[in-house]
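S.K.: Could you have a look at this structure, given as structure tokens, before my questions?
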Amino acid sequence: MHLKRIQLLHAKFPAQKVYPFNLSVFAATRQIEFKTPVTFFVGENGTGKSTLLSAITKRCGIQIWKGPERTRVQYNPFEDRLDQAIEIQWVNGQVPGSFFASQIFRNFTQLLDEWASADPGVLDYFGGKSLLAQSHGQSLMSFFKARFQIEGVYFLDEPETALSPRSQIELLQLLKRMSQAGHAQFVVATHSPILLACPDARIFSFDMSPIQPIAYEQTDYYQIYKQFMDNPETFI
């Protein structure tokens, strides 16, 4: 365990009626405690789980890889400022880590190939093969297997996006193995009932206000998938 607790400092919210500070789940939540090596954030799209995940990452001093900035029709100057209203408590001091999101991973793989053209040895870290020469799912698993060997705290935003069910099980096994090794801690925003089955993980629901821990069987993902598998004809 590295990350112990985060606190939302409501007095530091720069606005009350603008996203993300207008989300009731943030206004009602004071803190989240991390009591297990693997923590999941779940909830419907738009509930704020990815926003909070990114904000915690930034507050932990971890760089979030970004592609080129694009011109936008509407710009919200407050959308990237949630980290300024978060306080971090560590178990034994700050540790390094990384942030993963599928939308920025492609840009990373392209830059990695550019580096490898000058120094092919950098690919040894990823199994000796260009990530672009693998399928998207295979490249993700190569990246995860290499990165999680390093001690730190890892934030993952919907890592299941490009993974088959079999690969999700492989990632589940990797999360379990790396967390039990005692050097890695994971905070994962996900919709995957497969990943959520990670033994001894703690699950926080953003569909509740304030954010609340829930059991695996209580998640919508578990219940909906189970109901569908039991009686698919009722959903068609």
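S.K.: Given R₀ = 25 Å, what would the calculated FRET efficiency be for GLN16 paired with GLN94, taking r from the Cβ atoms and rounding to 0.05?
M.R.: The value I calculate is 0.25.
S.K.: Percent antiparallel among DSSP beta bridges with both residues in the stretch 132-236, to the nearest 5? Don't skip to the end; give the middle numbers.
M.R.: Working: 3 of 9 bridges.
Roughly 35 percent of the beta bridges in the stretch 132-236 run antiparallel, per DSSP.
S.K.: May I pose another question? State the extension gain, in nm to one decimal, for the chain segment bounded by ARG5 and SER102, taking 0.36 nm per residue of separation less the distance between their alpha-carbons.
M.R.: Taking 0.36 nm per residue and subtracting the Cα distance, the gain is 32.3 nm.
S.K.: Another question, then. Got a sec? How would PHE143, PHE13 order by Cβ neighbour count within 10 Å, fewest to most?
M.R.: In order of increasing Cβ crowding within 10 Å: PHE13, PHE143.
S.K.: Counting other beta carbons within 10 Å of each residue's own, what order do THR234, THR57 fall into, fewest first?
M.R.: By the 10 Å Cβ count, ascending, the order reads THR234, THR57.
S.K.: Further question: Ranking VAL18, VAL187, VAL95 by Cβ neighbours within 10 Å, fewest first, what do you get? Walk me through the intermediate numbers first.
M.R.: Values: VAL18 14, VAL187 27, VAL95 19.
Least to most surrounded, the residues fall as VAL18, VAL95, VAL187.
S.K.: A further question follows. Using Cα pairs under 8 angstrom and six or more residues apart, how large is the relative contact order of the stretch 1-43, in percent?
M.R.: Relative contact order comes out at 52 percent.
S.K.: Would you mind checking the stretch 147-184 for residues with the amide N under 17 Å from a putative spin-label position 7 Å along Cα→C-beta of GLN138?
M.R.: Output list for this probe position: 162-168, 170-171.
FYI, it's all coordinate maths here, none of it is from the lab. Predicted model only: the values in this text are computed from it and were never measured. For neighbour counting, all protein chains shown are included, and Cβ atoms are generated from backbone atoms with ideal geometry for every residue, glycine included.
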